[in-house]
Amino acid sequence: MIDEETGLTRRDMLKVGGAATFAGYAVGVEKAFGQVVKTDTTGITAGDVEVKIGDYGMPVYEARPASGGPAPIVVCISEIWGVHEWVRDVTRRFAKAGYYAVAPELFKREGGVGQLSDIQAILKLVLAGPRKQVLGDVAAAVDWAKKRPGARGDKVGVTGWCWGGSTVYQVAATNPDMKAAVAWYGPPARPYPDQPAPVTGFDVAKDIKIPLLMLAGEKDANPAPADVRRMAELVKMHNPNVEAVIEPDATHGFYADYRPSFNAAAAADGWKRCTDWFAKYLKA
């Protein structure tokens, strides 16, 4: 049986139990799940930085072309495991593709997930994060990124995976800086704690006015293809620039090359569609 929040079978969870957690992207994960893509820093500048939000310091990972520019900004929103090495690697991939990419660590306020080995404890922490807080921290990362060397502040996009994919809907619906969005297998039914009631992607579909690409797996259960298509139809009622792509034979997490769910064909197709989408709406 596949866990609906993580996209993992119980056997997969046991493989990454203890020290070899997804949260920390430990060496054991790589050994268990085979070859992982490694993106070097040739031609790009990358590293960890801290963004001050009042008295709070939010960690972010940034990557950008070492020369040229200014480059459009792409905000990368992580899975529930936080900004571990795979997220950093994808951020570098965007930099190689000509973007200033920034990945904010959105779970540190509650203590962070990197030191946790129990998946249920990670879920409890992540899913309790207030919607207002998540959106505020993403907005702070964008405001900070717009002032960074080599960044083009008038062209900002957002992408994310799983929990991050669901968060893309919330950001796309509320952040006026955004010009395009790509959600990777983000369940639109996921509720974000808010007042007077939790808010889902379906709830904010009417407010998404920017170009939105949704990438999902044919064999995924959360989001099921039917939910992705429903989300697309709801957005289309107010915005024609939306596309839902269901990758054949792909399950949840098909782009994550450090997980057993990785599907090379679907990942390659999704990455091309994602970068083409951003090139169309951020580089024009």
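The values are calculated or read from the model by the stated rules, or taken from the named source; none is laboratory data. Since the structure is predicted, the reported quantities are computational estimates derived from the model, not experimental observations. Heads up, the Cβs are rebuilt from the backbone with ideal geometry, glycines too, and the neighbour counts pull from every protein chain shown. Areas reflect the complete protein model, heavy atoms only, side chains present, ligands, DNA and RNA absent. Shrake-Rupley method; radii C 1.70, N 1.55, O 1.52, S 1.80 Å.
Which ones in segment 25-53 are farther than 21 Å from Ala267 by Cα, open to solvent by less than 40 Å² (accessible area, probe 1.4 Å) and modelled with pLDDT under 95?
Scanning segment 25-53 gives Ala26, Gly28.
Give the residues of segment 227-283 that are of a type in the set (Asp, Glu) and out of contact with any Lys or Arg (no Cβ under 7 Å at 6 or more places or on another chain), sorted by residue number.
Asp227, Glu233, Glu243, Glu247, Asp257, Asp269, Asp276 - these are the residues of segment 227-283 that are of a type in the set (Asp, Glu) and out of contact with any Lys or Arg (no Cβ under 7 Å at 6 or more places or on another chain).
Can you find, within segment 167-197, the residue that is least open to solvent (accessible area, probe 1.4 Å) among those that are more than 18 Å from the chain's Cα centre (by Cα) and farther than 20 Å from Ala139 by Cα?
Filtering segment 167-197 for residues that are more than 18 Å from the chain's Cα centre (by Cα) and farther than 20 Å from Ala139 by Cα, the one least open to solvent (accessible area, probe 1.4 Å) comes out as Ala197.
Determine whether segment 229-250 contains at least one residue that is within 17 Å of the chain's Cα centre (by Cα), of a type in the set (D, E, K, R) and open to solvent by less than 70 Å² (accessible area, probe 1.4 Å).
No; the residues of segment 229-250 include none that is within 17 Å of the chain's Cα centre (by Cα), of a type in the set (D, E, K, R) and open to solvent by less than 70 Å² (accessible area, probe 1.4 Å).
Would you check which residues across segment 201-231 are without any contact (Cβ under 8 Å) to a residue 24 or more places away in the chain and under 23 Å from Asp177 (Cβ atoms) and list them?
The answer is Asp203, and nothing else.
So Ile208 passes all but one of these: (1) closer than 27 Å to Asp154 by Cα; (2) surrounded by fewer than 16 Cβ atoms within 10 Å (Cβ to Cβ); (3) at pLDDT 95 or above. Which condition number does it fail?
Single failed check for Ile208: (2).
Can you tell me which residues in segment 175-198 are aromatic (Phe, Trp, Tyr) and within 25 Å of Ala250 (Cβ to Cβ)?
Within segment 175-198, Trp184, Tyr185 meet the criteria.
I'd like to know if segment 113-128 contains one or more residues that are open to solvent by 10 Å² or more (accessible area, probe 1.4 Å) and either closer than 22 Å to Ala279 by Cβ or touching a Gly at 6+ places or on another chain (Cβ under 6 Å) (or both).
Yes - at least one qualifying residue is present in segment 113-128.
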